[in-house]
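**Q** Here it is, the structure, as structure tokens.
The values are calculated or read from the model by the stated rules, or taken from the named source; none is laboratory data. The structure presented is a predicted model; accordingly, all values stated were derived computationally and were not measured. Cβ: placed from backbone, ideal geometry, glycine included. Neighbour counts: every protein chain shown.
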Amino acid sequence: MAEIRVENLHKAFASFTAVRDSTFTVRNGDFFCLLGPSGCGKTTTLRMIAGLELPTSGRILLGDEDVTFKQASARDIAFVFQLFALYPHMNVRANISYPLRSQGMARNEVKRRVEEAAKTLRITHLLDHPVSGLSSGDRQRVALGRAIVREPLAFLMDEPLGALDAEFRELMCGELRALHDRLGATTVYVTHDQLEAMSMADTIAVMNQGVIEQLGSPQEIYDRPATLFVADFIGSPPMNLLRFEGRVGRGDRNVRLGGADVAVPEVHEEGAGGALVLGVRPEHVRLQDDAPYRARVIDSEYLGTTQIVTLAGIDGTGIKARMPSDIAVRAGDHVGLSFHAEKLSLFDGGSGRAIRTRLHTEAAHG
Amino acid sequence: MSRGISHAHSIVEPGPLSRNIAGIIVIVYAVVALVPLAWIFLTSIKTPPDSISYPPKVIFDPSLEGYCNLFTTRSRQTAEYLETLAPPSGLCEKIARDRNMVIVGPSNYAPRFLNSLIIAFGSTALSVLLGTAAAYGFSRFKVPLKDDLLFFILSTRMMPPIAVAIPIFLMYRELGLSDTKLGMILLYTAVNVSLAVWLLKGFIDEIPREYEEAAMIDGYTRLQAFFRVVLPQATTGIVATAIFCLIFAWNEYAFAVLLTSGEAQTAPPFIPTIIGEGGQDWPAVAAGTTLFLVPILVFTVLLRKQLLRGITFGAVRK
Ligand SMILES: Nc1ncnc2c1ncn2[C@@H]1O[C@H](COP(=O)(O)OP(=O)(O)O)[C@@H](O)[C@H]1O
Ligand SMILES: [Mg+2]
């Protein structure tokens, strides 16, 4: 197992830049998720780490070795492809043993390792089957088997659950994480599905248009999104972004929004002005009849224990609120909204950057 | 779908009426297409007089005279001379004696047939080899001017090859390639390779790159990945391409007439030159044609399985 360091990685296809100046470190044994919408450069980043694509500039270090321009076959990294890419003309055993046979490993050692991997993944009974008849879940396991059998320095997985049915995906999520915990293997996992990333990752890198917007634990990313993009991308429904014009400065604890004073975490930087954005998670919105921020109920979506209520502020801003289902709301109701002050985020609307507040400082102090 | 319950039309399964119509069309077509072949085969087992009798004989005593004549050369002798000879040793000798002839040696059919085999299979192998390599390159790598090159390759087929027969004839004479097997192999390869590149590129494009990439991640070089992972997947395409190339090279007549006359002559220009006494020896010509059909038939039937097998066996979900 080894640490992966990516330094100023850049990749351009002709005039199009797919990955822009990426720098991050995947700690030894970390489950690291590259999360972002389709086309943001996740696969390209992963392929450069694997050696299937050469970077335009930048460095990739595996352990302490610079592998930037090494052949894929010389990197000792396992890769799980989105479409599994099992060799169709070989059976399950041959597929799993294929990476071992390239090393010229002794026959009985190969057999032992393959059977061990198969046992770990509970596919021993499939070893002598052709891969063509397998269910997608079993194919996924065979692909994983081919990866773990080598005991590589790191695992790279490109949306490995993307081709599975929804119910199976959840199951495999759990299995993948359990496998990771057992092997303690450094893993870089690419997905566009925030739930997968949230539930599995130790560290998430949120990517957008080739740029890593934020690096952090799932909780950090959820609680303290570093940019408007992250705030909007993470969470279902995502964070409400209430735009307003104004100024904030160091020490401010209020912003003026929609004709109401709204309490926010104390601002801890010099301040910003002009277009600002208040970020409110749906679960931090409460109905409060006498609250000064007024809104109208548009609609409510019942989800069992909770409901998602869609509201419109006075200026027409759409707001989603998550609240217990037993709170009765009717479309057309006029209500007051209060926000959970300590949890709110502030953004500079121009740059999209989060404004530092007590939220950040407190987290930094633990 | 259960027939007992549902009477609704299926949009994918033909109904009984259209099935019958389709069956009739196929049978009629097969008869039309097979009659000439049957005629050739029947002629090959007639005697020369039967083969030219009018009205044509449908019922006749089969004879191997055509096949004997195909493989031998004979000369007519006087009855007195024939009396002095020992009794005929084989079937063909006997047939010859009945016509007052003796066999004086083998004909050129066997060597011409062998030439055909060497030239057709040689050029097919070369076309498929070059085609596979070029198609893989075009399919997987950034080739400068890729589209132009592919179009150029295709454009070599836009004129009927025979249109350049005269320049090629002169060129071959200068180069000493006239009437050589190598010359014919190169010529047929030049014609076939464009077809091979285009056909194979289509097949190789269909093979997901991930297979090779997986193999490279698994510790193999690109070349190893090509041989172990791509080639087995491309078998269907390679076989289909080989059959097309082989059929062209095997049947080619015009260039063979023009460029070969002796050492490298193939069977197609040779067969019509088989002459008997007082005109064409039709049973021998028919026998030569019948035998000429066999290699393609065998090759196609042997490779039928490969041809029909799916490309990826559904192991990758698309
Ligand atoms: N080989 C390539 N040539 C040109 N553009 C490419 C190539 N590979 C990827 N791209 C482009 O780079 C961008 C990022 O692609 P990718 O890394 O596959 O995104 P993701 O995996 O995040 O969906 C996309 O816009 C894609 O069109
Ligand atoms: Mg991708």
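**Q** Name the one entry in B:Leu91, B:Leu82 that is surrounded by fewer than 16 Cβ atoms within 10 Å (Cβ to Cβ), on the phi < 0 side of the Ramachandran plot and either in the same structural domain as B:Pro268 (by TED's automatic domain parsing) or touching a Lys or Arg at 6+ places or on another chain (Cβ under 8 Å) (or both).
**A** B:Leu82
**Q** So which residues in the range A:113-159 are of a type outside the set (A, V, I, L, M, F, W, C), at the interface with chain B (Cβ under 9 Å from one of its Cβ atoms), part of a helix (DSSP H, G or I) and under 27 Å from A:Gly63 (Cα atoms), if there are any at all?
**A** Matches in the range A:113-159: A:Arg146 only.
**Q** Now for a separate question. Pick from B:Ser44, B:Ser89, B:Ser107, B:Ser6: which is closer than 30 Å to B:Gly279 by Cβ and at pLDDT below 90?
**A** That would be B:Ser89, the only listed residue that is closer than 30 Å to B:Gly279 by Cβ and at pLDDT below 90.
**Q** While we're looking at this one, here's another question. Please go through (1) more than 12 Å from every other protein chain (Cβ to nearest Cβ); (2) within 14 Å of B:Ala215 (Cα to Cα) for A:Leu86 and return the number of the only condition it doesn't satisfy.
**A** (1)
**Q** A further question on this structure: Which one is farthest from the other protein chains (Cβ to nearest Cβ) among residues in the range B:231-255 that are more than 14 Å from the chain's Cα centre (by Cα) and surrounded by 21 or more Cβ atoms within 10 Å (Cβ to Cβ)?
**A** B:Phe255
**Q** If the Cβ limit is 9 Å and pairs must be 6+ apart or interchain, which residue in the range B:206-222 that is facing chain A (nearest Cβ under 7 Å) and under 13 Å from A:Ala78 (Cβ atoms) pairs with which residue that is assigned to a loop (DSSP other than H, G, I, E, B) and of a type in the set (Lys, Arg)?
**A** From residues that are facing chain A (nearest Cβ under 7 Å) and under 13 Å from A:Ala78 (Cβ atoms), the pairs are B:Ile217/A:Arg75; B:Asp218/A:Arg150; B:Gly219/A:Arg150.
**Q** Additional query: Among the numbered criteria (1) over 18 Å from A:Val80 (Cα atoms); (2) out of contact with any Lys or Arg (no Cβ under 7 Å at 6 or more places or on another chain); (3) surrounded by fewer than 20 Cβ atoms within 10 Å (Cβ to Cβ), which single criterion is violated by A:Leu126?
**A** Single failed check for A:Leu126: (3).
**Q** Given A:Val80, A:Val26, A:Val92, A:Val6, which one is crowded, with 21+ Cβ neighbours inside 10 Å and within 16 Å of ligand 2 (Cβ to nearest atom)?
**A** A:Val80
**Q** Have a look at A:Ser199, A:Ser236 and point out the one that is more than 16 Å from ligand 2 (Cβ to nearest atom), among the small types (Gly, Ala, Ser) and within 24 Å of A:Phe339 (Cα to Cα).
**A** A:Ser236
**Q** Just name the residue that is farthest from ligand 2 (Cβ to nearest atom) out of those in the range A:154-169 that are of a type in the set (D, E, K, R) and either surrounded by fewer than 15 Cβ atoms within 10 Å (Cβ to Cβ) or within 11 Å of A:Gly137 (Cα to Cα) (or both).
**A** A:Glu167
**Q** A follow-up question, please. Just the residues that are near ligand 1 (Cβ under 9 Å from one of its atoms) and not in a strand (DSSP E or B), please, taken from the range A:8-40.
**A** If the condition is that a residue be near ligand 1 (Cβ under 9 Å from one of its atoms) and not in a strand (DSSP E or B), then A:Ala14, A:Gly36, A:Pro37, A:Ser38, A:Gly39, A:Cys40 are the ones that fit.
**Q** Here is a follow-up. Counting just the residues of the range A:9-21 that are away from ligand 2 (no atom under 16 Å from the Cβ) and within 14 Å of chain B (Cβ to nearest Cβ), which one comes out farthest from the chain's Cα centre (by Cα)?
**A** Among those that are away from ligand 2 (no atom under 16 Å from the Cβ) and within 14 Å of chain B (Cβ to nearest Cβ), it is A:Ala14.
**Q** Check A:Arg101 against each of (1) within 11 Å of chain B (Cβ to nearest Cβ); (2) surrounded by 16 or more Cβ atoms within 10 Å (Cβ to Cβ); (3) assigned to a helix (DSSP H, G or I) and name the one condition it does not meet.
**A** Result: A:Arg101 fails condition (2) only.
**Q** Another question about this same structure. Criterion first (on the phi < 0 side of the Ramachandran plot, more than 10 Å from chain B (Cβ to nearest Cβ) and in a loop (DSSP other than H, G, I, E, B)) does A:Pro55 satisfy it?
**A** Yes; evaluated as a whole, the condition is true for this residue.
**Q** Further, regarding this structure: Just to be sure, is A:Leu86 part of a loop (DSSP other than H, G, I, E, B) and within 14 Å of ligand 1 (Cβ to nearest atom)?
**A** Against the criterion (part of a loop (DSSP other than H, G, I, E, B) and within 14 Å of ligand 1 (Cβ to nearest atom)), A:Leu86 does not qualify.
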